[in-house]
Amino acid sequence: MSENVYLITRMENRICSFLMQDGRATEIHRDSDETDKIMLGDIYIGKVKNIAKQLDAAFVEIAPGHVCYLAMKDLRTPIYTKKGSSKKLQAGDELLVQISRESIKSKYPSVTTNVTLHGKYVLLTSGNLCISVSSKIDKMERERLSGWMKEIDSEIQPSDGERSFGWLLRTNAKDASQERIRSDALRLAMQYKALISQAGYRTCFSCLMRTPPQYLVRLQNLYSNDAKRIITDDQTLFDEIYAYLSQYQKEDTGKLELYHDRLLPMQKLYSLEKQLALAFSEKVWLKSGGYLVIQPTEALTSIDVNTGKYDGGKNQEASFLKINREAAIEIAHQLRLRNLSGIIIVDFINMKQKESVRELLTLLDGELKKDPVPTKLIDMTKLSLVEITRMKREKPLS
C-alpha cells in the first residue's frame, strides 16, 4: 500500500495511530483510552504547596495528592484566583496552570502559567503577546501570513485595549485560506475568554479544561500532504473522530472513512503488527546490509551504525560513506517513528576524508529538518560522535 493514510485502530488494549507513507509507518502512537487521568494540556486551578529556592521552582498541587513542578521561568503573566499578601509567589497562592510535560518515571509532571490553546492553523498563547510564524515556512510566506494575522488580531483584540494573548501560526497555516485561519483564531479566543471568566468562580483543584484524547488532538498536526485519508476500523472510534473533526476541523471530515472488510481486516492489509514490532526492535537493517543498533537509556539515546553484511569492495571510504548516508536517512526516520527525544548520540562508521564527513552531516541535517518536531544537529565531537537533540512533546513509543 503506497498511499499516504492515517490509521486509528485498537491493538493490545490501546488505541494505536499509524501515519503510513509509501507503505511504511512514519509515526506510531499508542494511547490509553482512559478519559479521567491527568493529560498534557489540561488546565487546573492549582495551589502552591511550597517554594524550592534552590531549584528556582515551586511545587503546585492540582488535585489532592497530585503535585507538579513549576519552574519560575514559566511564571509568566500568572492568573491568580487567590493571592496572599506578598507580590512574589508563595505557598497557599492559587493560580491557573496548564500541564506542559507528563510525568516521567520518578519526575513530577510540569506545569506552566503560560496558557496555550491549540488550533489546526494557530496557537493562542497568554505568555507571549507577539504574532509569530512557524520557522518551517519560508520568509515570503511568513510575511504574508503575519500580515493576515495582524488583521485578524485587530478584530479580536482592539488596538486601544490591553492585549491578553499572542499568536503562533503553525506550519499548516501555509496551505490555509485567511478565512480558515480567522475561524480557528476566533474559536480559540472565545475559548480563552470563557476559560478566564470561569476561573474567578471555580474552587481550587477544579479542572477548567480537559484536553481531548491525544489520538484526536494529533489530527491537528497532520499536514495537508501527510495523509489524504483518515481510516478507522472501529465504529466507536469513527463516531468520536467524526464528532471531533466536525467541531474543530470541518474541512477534514471528508477524509474520514470507516473500514469494514471482514475478509481482509485493516490491520492485516497494512501489516500493522509487523510495523509495531519493527518500531520496537533494537536492530534496524539497512538495504545495503548494514544495520543500526538503537538503545534508549535514562540520560540519552545511543545509535550505533555497523557495516553488517555489506561488502563494498576495495574503496573503503566510498563504502563507508554509502552506509553512513543510508544510515542518516534511516536515523531521521526512526527518531520520528519511535518519538525519541532529548539527547541522541550517533556513532557513524569512521571516515578519514573531511569532504565525506561534511557530505554526511549536510545530508543528516536536511533529513532532521523534515521532522515536524524541532530536531537539531549539534555537531560531531572529537571522538567522531554526532550529537542531536529532539524536543520532547510526548512520551516515546516504548
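Every number in this text was worked out from the coordinates using simple rules, so none of it is lab data. Remember, predicted model here, so these are calculated numbers, not experimental data. Cβ: placed from backbone, ideal geometry, glycine included. Neighbour counts: every protein chain shown.
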Give me the lysines in straight-line cross-link reach of Lys287: C-alpha distance below 18 Å, same-chain residues under 8 apart excluded.
Lys274, Lys309, Lys322
Would you look at the GNM of the chain, springs on alpha carbons closer than 10 Å, and say which of Ser106, Ser32, Ser288 moves the most?
Ser106
With a ≥ b ≥ c from the Cα gyration tensor eigenvalues, square-rooted, and the rule rounded for a/c under 1.5, otherwise prolate when a/b > b/c and oblate otherwise, the stretch 337-385 is prolate
Expected 222 nm ellipticity per residue - DSSP helices of 4 or more, -39500 (n - 2.57), all of the chain, to 500:
-9000 deg cm²/dmol
Please find, in a Gaussian network model of the chain (springs between Cα atoms separated by less than 10 Å), the residue of Lys107, Lys88, Lys283 whose mean-square fluctuation is greatest.
Lys88
Restricting to lysines and to Cα separations under 25 Å from Lys150, and discarding same-chain partners fewer than 8 apart, the set is Lys120, Lys136, Lys139, Lys174, Lys193, Lys250
Quote the charge dipole size of the chain about the Cα centre in Debye, to the nearest 20; the model charges only the Cβ of Lys and Arg (+1) and of Asp and Glu (-1).
840 debye
Reach of Lys88 by Cα under 20 Å, taken over aspartates and glutamates that are not fewer than 8 positions away in the same chain:
Asp56, Glu61, Asp74
Test of the criteria: in the stretch 133-241, which GluC sites (Glu not before Pro) are in a DSSP loop and have at most 15 other Cβ atoms within 10 angstrom of their Cβ?
Glu162
